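Report on the structure given below.
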Amino acid sequence: MTDALIRTVALTKEYRMGDNVVAALQGVSVTIAAGEFVAVMGPSGSGKSTFMNLLGCLDHPSGGEYWLGGQEVSKLSGDELAGVRNRRIGFVFQHFNLLPRTSALDNVALPLLYGGTATGERHVKARRRLEQVGLGSRLDHHPAQLSGGQQQRVAIARALVNDPALVLADEPTGALDSHTSVEIMALLQALNREGITIVLVTHEHDIAEFASRIISFRDGLVIEDKPNTARNAAAQLSQTGSAKEAA
Amino acid sequence: MNFAATLRIALNALRVNKMRSALTMLGIIIGVAAVIVMIGVGNGAQGRVEDQIRSLGSNIIMVFSASSTYTGARSGAGSLFTLSEEDAYAVAKELPDDIQAAAPVLRGSGQVVAGNANWSTTFYGITSDYLVAREWVIAEGRSFDQADINGATKVAIIGQSVATSLFGDTSAIDQVIRIRKVPLTVIGVLERKGQSMSGQDQDDLVLMPISTARKRVLGATVAAKSRSVGSITVKVRDGANMKEAEQKMRDLLRQRHRLQQGQDDDFNVRNLSEILQAQEASSKVLAMLLAAVASVSLLVGGIGIMNIMLVSVTERTREIGLRMAVGARAKDILTQFLVEAITLSLLGGAIGITLGIGASQLIGHLAEWRVDLSISAIVLAAGFAGAVGVFFGYYPARKASRLLPIEALRYE
């Protein structure tokens with residue numbers, strides 16, 4: 001499994017709540033190859049969000065190993081993790097998490113700022129990504145001047161701007177209506193076809209259907225891990241979405 | 001990440017929150033302006049006292065002929081003339097490093113008459129060194145020259161009060177006044193000096209060459225004989241030690257008067273500096289008090305910054321979480337918030353300085369107070385503002401940088 005992008009070995013995470021120790025993850029071993037589109041599902045409290053946070057290098061595991069692209073990141077310091085997040089991971093959140101009163105272009109360029117990219121190059125890259133998500137005409141708009149779907153597109157452009165190996169989408173359609181949700185999922189699928197690895201957390205089955213593999217969690221353990229056979233239908237849906245966008 | 005980028009991030013964060021930034025700065029603006037105005041007013045008050053001291057002569061030593069007991073009845077200082085003109089010239093000549101000028105003075109009083117006006121005043125027989133020693137300035141006309149001193153010319157320089165009493169609004173120059181029936185031509189009028197600190201009118205006097213006073217005006221009195229004088233007015237050089245100069249002069253005079261060891265001085269030495277130093281000290285205290293009050297307002301401004309920054313950190317927790325998620329290290333967050341706080345306080349400081357200078361000038365103009373703006377006060381206020389930014393910005397910044405990315409992102 002040398003070409004695995006993500007490999008976790010018996011990953012555990014415990015939270016201390018007063019005197020109680022809550023085991024949110026109880027030994028998760030998952031391998032995700034580069035170029036996969038994986039949906040992580042499960043009811044609340046199943047540990048899927050914890051798993052997501054560990055994959056995103058936002059949190060330290062209590063035990064086990066996490067290898068990202070051949071590097072064991074579970075042993076890294078906070079600042080080193082920040083570097084990993086900056087260069088290798090793009091985040092898409094449920095509530096977009098855009099900086100208010102800041103232009104779409106500057107929002108997208110934010111990771112580049114922390115990565116130390118020069119100003120001119122930042123703007124070129126950010127502009128290209130915004131054009132890629134279909135917002136080339138809204139570079140100077142502030143989040144408040146954009147619809148929910150457009151804001152999420154800005155967030156996706158931001159996730160992509162540093163050419164990450166992995167895009168993590170945490171309930172990316174949770175704050176959107178169903179029509180816009182389909183558009184966003186179509187966009188993610190299109191990106192996946194270009195070779196970007198996407199891990200999506202959702203509790204909605206019809207959103208998970210867009211992925212090519214579905215991993216289900218319950219009580220801190222993986223209970224099911226299967227390829228998604230129904231994906232063709234979803235792809236078709238997305239094509240109608242793309243067609244509409246193009247029109 | 002380089003500093004320019006951090007600066008850009010911080011400035012952008014301030015820009016997108018214009019109202020909050022402005023309100024935060026207000027505290028610092030007022031604080032810095034207050035410091036500058038208060039220090040300006042304090043320095044002005046102190047400067048005025050110092051000027052007063054200078055006009056009275058803080059570095060002036062008066063040597064009076066003895067008030068001695070060997071005639072039985074004690075008479076006032078200067079009534080027995082143990083000093084001579086030569087003593088004065090010797091002091092000036094022998095102690096050139098310490099003494100700038102030493103002027104012999106013969107003093108008398110009497111009625112001054114001009115036309116049908118008359119005025120009772122004090123007159124002084126002096127040399128031109130006296131004007132140098134007292135730093136008195138001729139407002140109109142000229143001073144005495146050596147020919148006047150040598151030749152006992154019948155000329156006089158009068159104070160403003162005398163000029164007004166005798167001549168009203170018309171010019172006193174070239175007018176003739178009489179003192180003890182001796183006609184003197186007015187050749188100069190002194191600049192107005194106002195009251196002394198003891199309430200004495202410093203403009204109520206007539207000056208004449210010492211030779212004129214001795215030979216023509218005082219006439220047959222004791223002062224007429226020999227070269228004796230009532231007092232010597234001595235100006236100590238700027239920078240010279242007052243006490244040392246006084247001691248050297250005392251030794252010189254004792255030597256000249258051939259006084260044995262253990263024998264009392266046959267003259268009295270006095271200077272004004274002690275009273276004046278006390279006054280200067282009190283005005284310094286006033287200036288410090290004002291600065292202290294102003295510093296408190298700067299401190300309050302600093303606490304305001306901390307307050308707003310803390311609120312801002314809480315309010316922007318999700319933003320901080322996002323920044324961390326996209327790659328900001330703890331150090332980047334710390335720097336960002338610290339730079340925000342410092343920028344606020346420095347910008348506030350700059351506005352405060354402008355406002356403070358303007359307000360000082362306005363106060364100086366409206367209240368007719370003397371306000372001395374000093375560069376050091378401005379630098380101090382600016383430095384203090386920056387320090388306030390660092391000091392009060394650090395805690396909120398550190399709090400922000402210590403947030404865990406995952407908790408910050410989830411913060412509601």
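Read the figures in this text as sums done on the coordinates, not as results from a lab. Keep in mind the model is a prediction, meaning the values are calculated, not measured. In this analysis, Cβ positions are derived from the backbone assuming ideal geometry, glycine residues included, and neighbour counts consider all displayed protein chains.
Show me, for segment B:385-390, the HN-Hα J-couplings you get by feeding each phi into the Karplus relation (A = 6.51, B = -1.76, C = 1.60, θ = phi - 60°), rounded to Hz, glycine and proline as x.
Computed from phi, the couplings for segment B:385-390 are 4, x, 5, 4, x, 5 Hz.
Suppose R0 equals 60 Å; then what is the FRET efficiency for A:Arg218 and B:Ala292 from their Cβ-Cβ distance, rounded to the nearest 0.05?
My answer for the efficiency is 0.35.
Given Cα pairs under 8 Å that are at least 6 residues apart, what percent is the relative contact order of chain B?
30 percent.
Please determine, in degrees from 0 to 90 and to the nearest 10, the orientation of helix B:18-56 with respect to the longest principal axis defined by the Cα atoms of chain B, where the helix direction is its Cα long axis.
In chain B, helix B:18-56 runs at an angle near 10 degrees to the longest axis.
Which value in Å does the Kirkwood hydrodynamic radius of segment B:266-412 take, with 1/r averaged over all unlike C-alpha pairs and then inverted?
Value: 18.4 Å, from the Cα pair sum.
Calculate how steeply helix B:330-366 sits against the longest principal axis of the alpha-carbon atoms of chain B, using the helix alpha-carbon long axis, and give the answer as 0 to 90 degrees to the nearest 10.
Helix B:330-366 sits roughly 30 degrees off the main axis of chain B.
Would you mind computing, in nm to one decimal, how far apart the modelled labels at A:Ala118 and A:Val21 are, each placed 7 Å from Cα along Cα→Cβ?
5.2
If amide hydrogens are placed 1.01 Å from N in the peptide plane, which non-local residues have theirs closer than 5 Å to the one on A:Arg218?
Close amide H contacts, sequence-distant or interchain: A:Ile223.
From the phi of every residue in segment B:136-147, what ³J(HN,Hα) in whole Hz does the Karplus formula 6.51 cos²θ - 1.76 cosθ + 1.60 yield, where θ is phi - 60° and glycine or proline is x?
Using θ = phi - 60°, the values come out as 8, 10, 7, 7, 8, x, 9, 8, 6, 9, 4, 4 Hz.
Put +1 on the Cβ of each Lys and Arg and -1 on the Cβ of each Asp and Glu in the protein assembly as shown; which of B:Leu355, B:Asn118, A:Thr202 then has its Cα farthest toward the positive end of the dipole?
Of the listed residues, the answer is B:Asn118.
Work out the length of the dipole vector of chain B about its Cα centre, built from +1 on the beta-carbon of each Lys and Arg and -1 on the beta-carbon of each Asp and Glu, and round it to the nearest 20 debye.
Taking the Cα centre of chain B as origin, the dipole is about 780 debye.
Need one number: % antiparallel among DSSP beta bridges in chain A, to the nearest 5. All intermediate terms of the calculation are to be shown ahead of the outcome.
Values: 23 of 40 bridges.
Close to 60 percent.
Taking the Cα centre as origin and putting +1 on Lys and Arg beta-carbons and -1 on Asp and Glu beta-carbons, what dipole magnitude results for segment B:59-271, to the nearest 20 debye?
Magnitude of the dipole: close to 740 debye.
Taking the dipole about the Cα centre of segment B:59-271, with the C-beta of Lys and Arg at +1 and of Asp and Glu at -1, give me whichever of B:Leu184, B:Met249, B:Gly159 is farthest to the positive side.
Among B:Leu184, B:Met249, B:Gly159, the one farthest towards the positive end of the dipole of segment B:59-271 is B:Leu184.
When you take every Cα atom in the protein assembly as shown, what is the radius of gyration, and what is Dmax, the widest Cα pair distance, in Å?
For the protein assembly as shown, the Cα-based Rg and Dmax read 44.9, 138 Å.
How big is the convex hull of the Cα atoms of segment B:59-271, per residue, in Å³?
131
Rounded if a/c is under 1.5, else prolate if a/b beats b/c, else oblate: with a ≥ b ≥ c from the C-alpha gyration tensor eigenvalues square-rooted, which is segment A:78-216?
oblate
Which value in Å is the Kirkwood Rh of chain B over different Cα pairs?
Averaging 1/r across every pair of different Cα atoms and inverting gives 26.4 Å.
Under the Karplus relation 6.51 cos²θ - 1.76 cosθ + 1.60, θ = phi - 60°, what is the ordered set of whole-Hz ³J(HN,Hα) values for segment A:34-50, x standing for Gly and Pro?
Per-residue couplings from phi come out as 4, x, 7, 10, 10, 9, 9, 10, x, x, 5, x, 7, x, 5, 5, 4 Hz.
Could you give the size of the charge dipole of chain A about its Cα centre, using +1 on the Cβ of each K and R and -1 on the Cβ of each D and E, expressed in debye and rounded to the nearest 20?
So the dipole magnitude of chain A works out to roughly 520 debye.
Charges on Cβ only, +1 for Lys and Arg, -1 for Asp and Glu, centred on the Cα centroid of segment A:82-240; of A:Val182, A:His142, A:Phe96, which one is farthest towards the dipole's positive end?
Final value for the positive-end residue is A:His142.
Return one number: the angle in degrees, 0 to 90 and rounded to the nearest 10, between the long axis of the Cα atoms of helix A:104-115 and the longest principal axis of the Cα atoms of chain A.
Compared with the principal axis, the helix lies near 50 degrees.
So which of A:Lys75/B:Lys331; A:Lys13/A:Lys75; B:Lys243/B:Lys284; A:Lys75/A:Lys125; A:Lys48/B:Lys399; B:Lys154/B:Lys235 end up more than 25 Å apart by C-alpha?
Details: A:Lys75/B:Lys331 20 Å; A:Lys13/A:Lys75 14 Å; B:Lys243/B:Lys284 23 Å; A:Lys75/A:Lys125 31 Å; A:Lys48/B:Lys399 29 Å; B:Lys154/B:Lys235 27 Å.
Listed pairs above 25 Å: A:Lys75/A:Lys125; A:Lys48/B:Lys399; B:Lys154/B:Lys235.
Can you give me the relative contact order of chain A as a percent, contacts being Cα pairs under 8 Å and 6 or more apart?
Answer for chain A is 26 percent.
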